[in-house]
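Asker: For reference, the structure I am asking about is given below.
The values are calculated or read from the model by the stated rules, or taken from the named source; none is laboratory data. This is a predicted model, so every value here is computed, not measured. Because the Cβ atoms are built from the backbone with ideal geometry, glycine has one as well, and the counts that use them run over all protein chains shown.
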Amino acid sequence: MRRAMFLGVSAVTVCLTAALPASAGVEACGNIRFEGLSNCEVRLTAECSAGCSELGIYKTACATRLVPVCKTNCTLSADATCTDQCTTQCTSDCDRGINVICSHNCFVECTAGREAGCSDAADVAQCGATWDANCDSECDAQCVTVDGGCYQHCIECCGGSCTAEANMDCQTTCQDEEFEQCEHDLRVKCDASCSGDGALFCDGKYILSGSEIPACVNALLERGVSVEAEAQVSIGPEGIDGSLSGGMCAYSPGSRAALAAPFAAVAAAAGWLARRRRRPSRASR
């Protein structure tokens, strides 16, 4: 009897080889802020399932998703004292020749109090994720100037930071009520994607899964991030004998069209594998 051959996709690795600029989250990636993240990989099959079961990996994704949900009720304006103090310091920096750019400085200003603010939280990691997501959202909304002067960047930067501060307690309370359900829903989605298109993890954190992955990586390329993708495929009887490894392919912003190919191939392979596993093996005559 001839044993059926099958295709196993072991890993696809996406390495962020250049740091993303300090700016808002990437919309095609669920508005996740990639600054500071690295070691991004698309996981499939067993490795994917193992990753989906890790504790605490959904906090960044859930906090980012819940900010706009809670924002319908968390609508306080920035406190005047906060904005006055912030703009005074910021304009002083401008006068001393420091180049203030809202998209670069707002998030840093906003998250400066995160460690102290979350020190007494029941779940420090969740509090930190909510803090970051709230800051990123408000800074993104306020930082609209591109070529304006330093003082204008200060006004927007302080507006975003202080608006986030004004709504931090509201966001935290609101997200506390929704977080457990969000983590459960993402866990289910992650597990369901493991036999298909897989799930994207960065530093072990869940980012997104399924058909959203190619658009997310393309969006990273559009931001000028150099991305490398590596596919490793094993082929053999019962997945034991023989192997075929895809070489390392380097991509630059100028080669965005080619990026979808490795992911399309991996998705097709994963789907093919799932179909093969559902079919009974046929004995040769």
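Asker: Applying the selection to the range 49-71, what residues are in contact with a helix residue (DSSP H, G or I) (Cβ under 9 Å, 6 or more places away or on another chain) and of a type outside the set (A, V, I, L, M, F, W, C)? It would help to see each step written out before you state the result.
Answerer: Just the residues of the range 49-71 that are in contact with a helix residue (DSSP H, G or I) (Cβ under 9 Å, 6 or more places away or on another chain), to begin with: 49, 51-53, 56-71.
Within the range 49-71, S49, G51, S53, G56, Y58, K59, T60, T64, R65, P68, K71 qualify.
Every residue, every condition in (1) surrounded by 15 or more Cβ atoms within 10 Å (Cβ to Cβ); (2) among the aliphatic types (A, V, I, L, M); (3) not in a helix (DSSP H, G or I), yes or no:
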site: Q89; (1), (2), (3): no, no, no
site: W131; (1), (2), (3): yes, no, no
site: D147; (1), (2), (3): no, no, yes
site: Y151; (1), (2), (3): no, no, no
site: G159; (1), (2), (3): yes, no, no
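Asker: Out of everything in the range 64-78 that is surrounded by fewer than 17 Cβ atoms within 10 Å (Cβ to Cβ) and not in a loop (DSSP other than H, G, I, E, B), what residue ends up being farthest from the chain's Cα centre (by Cα)? I'd like the intermediate steps shown before the answer.
Answerer: We begin by selecting, within the range 64-78, every residue surrounded by fewer than 17 Cβ atoms within 10 Å (Cβ to Cβ); these are 68-69, 72-73, 75-77.
Subset that is not in a loop (DSSP other than H, G, I, E, B): 68-69.
Working: P68: 16, V69: 18 Å.
It comes out as V69.
Asker: Of everything in the range 133-145, what is in a helix (DSSP H, G or I) and either loosely packed, with under 14 Cβ neighbours inside 10 Å or touching a strand residue (DSSP E or B) at 6+ places or on another chain (Cβ under 8 Å) (or both)? Give them in sequence order.
Answerer: Just the residues of the range 133-145 that are in a helix (DSSP H, G or I), to begin with: 133-142.
Residues satisfying the conditions do not exist here.
Asker: Is it the case, given these coordinates, that E177 is assigned by TED's automatic domain parsing to the domain that holds C94 and crowded, with 17+ Cβ neighbours inside 10 Å?
Answerer: Details: assigned by TED's automatic domain parsing to the domain that holds C94: yes; crowded, with 17+ Cβ neighbours inside 10 Å: no.
No.
Asker: When both residues are 6+ apart or on different chains and their Cβ atoms are under 6 Å apart, which pairs have a first residue that lies in the range 167-195 and is acidic (D, E), and a second that is outside any helix (DSSP H, G or I)?
Answerer: E183/Y58
Asker: Answer yes or no as to whether T81 is surrounded by 19 or more Cβ atoms within 10 Å (Cβ to Cβ), assigned to a helix (DSSP H, G or I) and either outside the structural domain of G204 (by TED's automatic domain parsing) or free of Cβ contacts under 8 Å to residues at least 24 places away in the same chain (or both).
Answerer: Details: surrounded by 19 or more Cβ atoms within 10 Å (Cβ to Cβ): no; assigned to a helix (DSSP H, G or I): yes; either outside the structural domain of G204 (by TED's automatic domain parsing) or free of Cβ contacts under 8 Å to residues at least 24 places away in the same chain (or both): yes.
For T81, the condition - surrounded by 19 or more Cβ atoms within 10 Å (Cβ to Cβ), assigned to a helix (DSSP H, G or I) and either outside the structural domain of G204 (by TED's automatic domain parsing) or free of Cβ contacts under 8 Å to residues at least 24 places away in the same chain (or both) - is not met.
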